[in-house]
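To keep things clear, I will list the structure first and then write my remarks on it.
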Amino acid sequence: MNTESVVEFLGNVSLLQRLPSSSLKRIAQVVVFKRYVTDRGDYVVRENQDVDGVYFLLEGQAQVLISAGEEFLLKRFDFFGHGIFGDVYPADVVARSELTCLLLMSDHLALLETKYVWDSDKELESPCLVEHILYLEPLDVRISPLDCPSFCSISVLECIPGVHSTQCSNLWKGLWRAVSWTVPIIFEVNRLRDGNNFSTRRVDARQKGKTIFTLFASFQRKQQGFIHQESTMPHTPAPETLLPREEILERLVTDPLLPRDYRDEVATEINVPFPIDIRFCEPKDSTKQTKSSPRLKYWFRAKGKLSDDDQALHRCVVAYASDLIFASISLNPHRREGMSVAALSLDHSMWFHRSIRADDWLLFVMVSPTVFDSRGFATGKMFNRKGELVASLTQEALVKEAVNIKPSFGAKL
């Protein structure tokens, strides 16, 4: 099998489809052919033994044998090996037929890494991707458009300084793209009150003539006053000691205990640029198809250094980041294998208590105390590294089992 054929094969493996062709060529030059026969019951990998690297199934079939008695069938283009469990594998993998694998040895696993342009550790001085996402182009005194997904609509706060609280409602499902063109979102800012110390604005986001989102924001002049804090930041590992979200996803795709369709979904998710660096405080041993507690703690910050120290920008970025995972924790106790679930934010409120930096680590502690009538309720607190409570949040979301509905511009409920 020549190098070009190996490259063509590797290009069909979902784990590798995010890599450039140059990386596939380098992998093709170093992979080792491994052949196994079923009449001898050849083991490819044994449970609780060291793993040589990542295996890609070229020909034949293999069986993953789990101690609980479950079995997973692996076929052409599938992969397993070095992953979330590290060098030690959690299951036996046995050849079910004459089997040929391409083995990428552990010494060459760095070839699987993607050099993200938004790498937070290496690009701290570069412009933030999140700033690009949240950019607004002014049209008039009261309106401005945004050519990006509707979830960015909270970014209108960047235009108004001094925000201390926001309450927003998602009314209709917006469109990101229609065929090959971007559907703009128009934000209109309405001045409701200008007092001596507080001002209030209402922001309406419109797309194709419909108001899809409404936000009320309150702004305050700086004042001296009483200070106390009852909330205590929970003890957690330092963010520098925790795995980045991207690395967790990289490891999940080679986990043999996860269904192939889920691993393929994760592999696709890795391709999407993520502007926020997230470090989960607990081991990420649950998936979108396994039950877990309706609680979550993670550190987060913008990837890269924000271009301005203005609190308007930093609070805008924190508001954007707050909605990335918040709604989904209400679903955690109800997940099961094979079930697709959806969480859609209905109402999202934030209160900013202190100055905040979105490009420095913040701890987000969230819990969902109840779900009823397909509505999940969640509360959250954000702390800076000093242990100061910088923001409080609440959210109500529609949480339900997903159904396949053709995309349309209309009610999201």
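Please treat every number below as a calculation from the coordinates, not as lab data. This one's a predicted model, so the numbers in the text were calculated from it and none came from an experiment. Here the Cβ positions follow ideal geometry from the backbone for every residue, glycine too, while neighbour counts run over all protein chains shown.
Computed from backbone phi with θ = phi - 60° and the Karplus coefficients 6.51, -1.76 and 1.60, the 3J(HN,Hα) list for the range 235-248 is 6, 9, x, 5, x, 5, 8, 9, 6, x, 3, 4, 5, 4 Hz; x is used for glycine and proline. Anisotropy class assigned to the range 182-236 is oblate, per the alpha carbon gyration tensor with a/c at or over the 1.5 cut-off and a/b no larger than b/c. Taking each of K25/K305; K210/K400; K303/K400; K305/K381; K303/K386 in turn, the alpha-carbon distance tops 28 angstrom for K25/K305; K303/K400. The range 3-112 gives an Rg/Rh value of 0.96, both radii derived from C-alpha positions and Rh following Kirkwood.
Other residues within the sphere of radius under 10 Å centred on the Cβ of S218, judged by their own Cβ, net out at +2 (K and R +1, D and E -1). Once both labels are positioned 7 Å from their Cα atoms along Cα-to-Cβ, the gap between A110 and N197 label points is 5.9 nm. If the chain linking W351 and H228 were pulled fully straight, counting 0.36 nm for each residue of separation and taking away their Cα-Cα distance, it would gain 42.7 nm. Taking 0.36 nm per residue of separation and subtracting the current Cα-Cα distance, fully stretching the chain between E8 and R221 would add 70.5 nm.
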